[in-house]
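Just below is one structure, and these are the notes that go with it.
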Amino acid sequence: MEQCVVCYSGGHSSALVGIEAVRRYGKNNVILLNHDISSEVEHKDIKRFKDDISNYLDIPITYANMEKWEIMTPLRVCEKAGAFTNPVNQQALCTYNLKTEPFYKWLKTFFPTDMENPNKDIEILYGFDSQEKARIQRRSSVLGAKGYYTDYPLALWDRTIGSTIEIGIVLPITYKIFKHANCIGCLKGGMKHWYVVYCLYPNIFAEAAEVEKELNYSIIKDHFLEELIPLYKETQAKGICPNDKENGRTFWNRVNKIMPDQLSFLPCDCAVL
């Protein structure tokens, strides 16, 4: 291996992978590959965090961006495509257009290869941990079929760092409310996530509700956002703080104790995550 590519999302896990990679291979052998997202949905403190890690490692961020990424938020990507997911494999179209497709184009341009002739000059590193075995297997299979080697430092290496706080870099402020560094208004999010968006990012919530109407398809299984507004409005009026880090079932059970029978319409756990 001559170089390793860190899939550098801007989240804490991928930052740790970047640090581990540089400590093992040296900064000249590491690429921090990011797909920049519109500042409308990627919090400015995530961008700050990405830059802080890049400066600490003394490695510039390499970008593989979708065309017009500055204005093409996940909602607008899906609106243009006329759907939220690929009907064949159910993959989120926002993820594919904003990240997956630009990633594959970048690989093909700079590290071309195929399954019969794997590229031994590159290794792709992901931030999955030991609890994400299914994701590791799936990513290894997908990239392996394209002729690339993958590795997972947080799951498979002897760790040298557990948090960026150890090197004086604070996590993005979004982690105080969200459990991830995904887009605000994640199209994979459930009722709890969209309650947070309703309370804190009403413009994004309103746009999402309009796109649902246009596509006649709901982001949350079995429930359009507009239908949830009365519940969200009352939940907010009761002073229940929006917090996406709490377990979904636990959060809504707590809400139900304050507002009995308000959640009786829920079909299953998947809607409330």
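The values are calculated or read from the model by the stated rules, or taken from the named source; none is laboratory data. Everything numeric here is computed off the predicted structure, so don't read it as measured data. Positions of Cβ are generated from backbone atoms using ideal geometry, with glycine treated the same way; all protein chains shown enter the neighbour counts. The accessibility values were calculated without ligands, DNA or RNA, using every heavy atom of the protein model including side chains. Shrake-Rupley method; radii C 1.70, N 1.55, O 1.52, S 1.80 Å.
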Report, ordered by the first and then the second residue, all pairs with beta carbons closer than 7 Å, sequence separation of six or more or different chains, a first member in the stretch 22-46 that is of a type outside the set (D, E, K, R), and a second member that is exposed (fewer than 15 other Cβ atoms within 10 Å of the Cβ) and assigned to a loop (DSSP other than H, G, I, E, B).
-> Asn29/Glu2; Ser38/Glu70; Ser38/Ile71
What do you reckon, is Glu70 assigned to a loop (DSSP other than H, G, I, E, B), of a type in the set (D, E, K, R) and surrounded by fewer than 19 Cβ atoms within 10 Å (Cβ to Cβ)?
-> yes
Restricting attention to the stretch 226-258, and to residues there that are open to solvent by 80 Å² or more (accessible area, probe 1.4 Å) and polar (S, T, N, Q), which single residue is nearest to Cys183 (Cα to Cα)?
-> Asn247
Just checking, how many residues over the stretch 1-15 are open to solvent by 10 Å² or more (accessible area, probe 1.4 Å), within 22 Å of Gly147 (Cα to Cα) and within 15 Å of the chain's Cα centre (by Cα)?
-> 1
Are any residues in the stretch 16-53 in a helix (DSSP H, G or I), open to solvent by 10 Å² or more (accessible area, probe 1.4 Å) and either more than 26 Å from Gly168 (Cβ to Cβ) or not aliphatic (A, V, I, L, M) (or both), and if so, which ones?
-> Arg23, Arg24, Tyr25, Lys27, Asn28, Asn29, Lys44, Asp45, Lys47, Arg48, Asp51, Asp52
In the stretch 59-95, which residue that is modelled with pLDDT of 95 or more and aromatic (Phe, Trp, Tyr) is farthest from Ile220 (Cα to Cα)?
-> Tyr63
Only residues in the stretch 144-155 that are within 20 Å of Phe111 (Cα to Cα) count as the first member; pair them with residues that are among the aliphatic types (A, V, I, L, M), Cβ under 6 angstrom, at least 6 apart or cross-chain, and list the lot.
-> Ala145/Met115; Gly147/Met115; Tyr148/Ile124; Thr150/Ile124; Thr150/Leu143; Asp151/Leu125; Tyr152/Ile136
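Could you name every one of the helices (runs of 4 or more DSSP H) located completely within the stretch 98-179 that has at least 1 residues being open to solvent by 30 Å² or more (accessible area, probe 1.4 Å) and basic (Lys, Arg)? Break it down stepwise before answering.
Values: elements: 101-110, 133-145, 153-156.
In the stretch 98-179, 101-110, 133-145 are the helices (runs of 4 or more DSSP H) which contain 1 or more residues that are open to solvent by 30 Å² or more (accessible area, probe 1.4 Å) and basic (Lys, Arg).
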